[in-house]
Amino acid sequence: MTTPCIITVAITGSVPTKKDNPAVPITVSEQVESTQASFEAGATLAHCHVRNDDGTTTSDPERFGRLVEGLRKHCPGMIIQLSTGGRSGTGRERGGMLPLSPDMASLSTGSCNFPTRVYENSPELVDWLASEMVKYDVKPEIEAFDLSMIFQAVKMEKDGKIKGPLHVQFVMGVKNAMPVDKDTFDFYVATLKRLAPDATWTGAGIGAGQLMLNRWSLEAGGHCRTGLEDNIRWNKEKLAPSNAALVKRVADLCAEYGRHPASVAEARKLLHLKAAA
Ligand code: ZN
């Protein structure tokens, strides 16, 4: 029996706008609707940011609260993961929604360059975000933009700052950070296995790298992330029609690798999360 594949849908992020792709969900109701369609297409984990109605990004806990409420109602059992990423706020503002106790939240364990700026995660901020996640029983997803962030996450788990087992996401293809590179990907997988044998992982590729990372991850026994946050295109010729279409593409791909999309129960078990209410 092969490992089921947890499909994460990153519905909106903070960068793409309706001008880039009209299917990018901006308002809370659009986000709930887009996530529900993705859930029905096979996604069991929603990675969420929130936007102001004009499309700009925010970390407003009230808006996150309305989104969480909508998702709990319309996507029963789906794993809700809120972003503490640096494009939506600065400093501790980024963790202001953790008291909502989502199932998971993203946590970058180091700094790197992004397309137009530094993605700044000071040791003090990383430790604070991690401690809030412990306090509110939120499982971190470690966003690894380079190798050092994997080592840092393992160290934090050993030091008791993160509750294990770790779940790590390998992010490839962000401009000025780690590119989409197979040898590096293989080394990430091997290194995580060596340092934290009980860890789970997901591969996330940006732009055209999305489908590539989906394939590599399915082949190597990991989990997959897709969605309009990372990639607004279907292929060179056309835009992706929706988040759900991108999810369905991964769900269909699973069979090629002898895998199947995880159910809610399977996904929660694999990530050591409590069963759906
Ligand atoms: Zn994100």
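So here's what we get for this one:
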{"item": "Total charge dipole magnitude, the stretch 7-270, about the Cα centre, Cβ charges on Lys, Arg, Asp, Glu only, Debye to nearest 20", "result": "220 debye"}
{"item": "Selection from SER111, THR57, CYS254, by position along the positive dipole direction of the chain (Cβ)", "result": "CYS254"}
{"item": "Restraint check, LYS135/LYS269; LYS182/LYS238; LYS193/LYS274; LYS163/LYS269; LYS19/LYS238; LYS73/LYS248, Cα-Cα greater than 20 Å", "result": "LYS135/LYS269; LYS182/LYS238; LYS193/LYS274; LYS73/LYS248"}
{"item": "Translational diffusion coefficient (Stokes-Einstein; Kirkwood radius from C-alpha pairs) of the chain at 4 °C, 1.567 mPa s, in µm²/s", "result": "71 µm²/s"}
{"item": "Carbon/sulfur fraction of accessible area - the chain, other protein chains in place, 1.4 Å, %", "result": "56 percent"}
{"item": "Highest-first arrangement of 51-57, 152-158, where packing means the average Cβ count within 10 Å", "result": "152-158, 51-57"}
{"item": "Å² per residue, accessible surface of the chain at 1.4 Å", "result": "43 Å²"}
{"item": "Relative contact order (percent, whole number), the chain, Cα cutoff 8 Å, 6+ residue spacing", "result": "24 percent"}
{"item": "Accessible surface, 1.4 Å probe, highest first, among residues LEU71, LEU195", "result": "LEU195, LEU71"}
{"item": "More than 14 Å apart - percent of Cα-Cα pairs taken over the stretch 1-90", "result": "62 percent"}
{"item": "Part-to-part distance (alpha-carbon centres) for the stretch 1-30 and the stretch 162-201, which is given in Å", "result": "21 Å"}
{"item": "Estimated D of the stretch 111-159 in µm² per second, where Rh is the Kirkwood radius over Cα pairs and Stokes-Einstein applies at 25 °C, 0.890 mPa s", "result": "208 µm²/s"}
{"item": "Under 5 Å, built H, 5+ apart or other chain: amide partners of GLU143", "result": "LEU107, SER108, THR109, GLN169"}
{"item": "Packing rank of 98-110, 114-126, where each peptide gets the mean count of other beta carbons within 10 Å, highest leading", "result": "98-110, 114-126"}
{"item": "Rounded to whole Hz, the Karplus (6.51, -1.76, 1.60) HN-Hα couplings of the stretch 235-242, x for glycine and proline", "result": "7, 4, 7, 9, 6, 5, x, 5"}
{"item": "Vicinal HN-Hα couplings computed from phi for the stretch 25-39 (Karplus, 6.51 cos²θ - 1.76 cosθ + 1.60; Hz; Gly/Pro x)", "result": "x, 10, 6, 4, 5, 4, 5, 5, 4, 5, 5, 4, 4, 5, 4"}
{"item": "Cβ-Cβ FRET estimate between ARG87 and GLU219, R0 fixed at 22 Å, reported to 0.05", "result": "0.10"}
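The values are calculated or read from the model by the stated rules, or taken from the named source; none is laboratory data. All figures in this text were calculated on a predicted structure; none of them were measured in a lab. A quick note on method: Cβ atoms are made from the backbone with ideal geometry, for glycine too, and the neighbour counts reach across all protein chains shown. Calculation scope for accessible area: heavy atoms of the full protein, side chains included, ligands and nucleic acids excluded. Shrake-Rupley method; radii C 1.70, N 1.55, O 1.52, S 1.80 Å.
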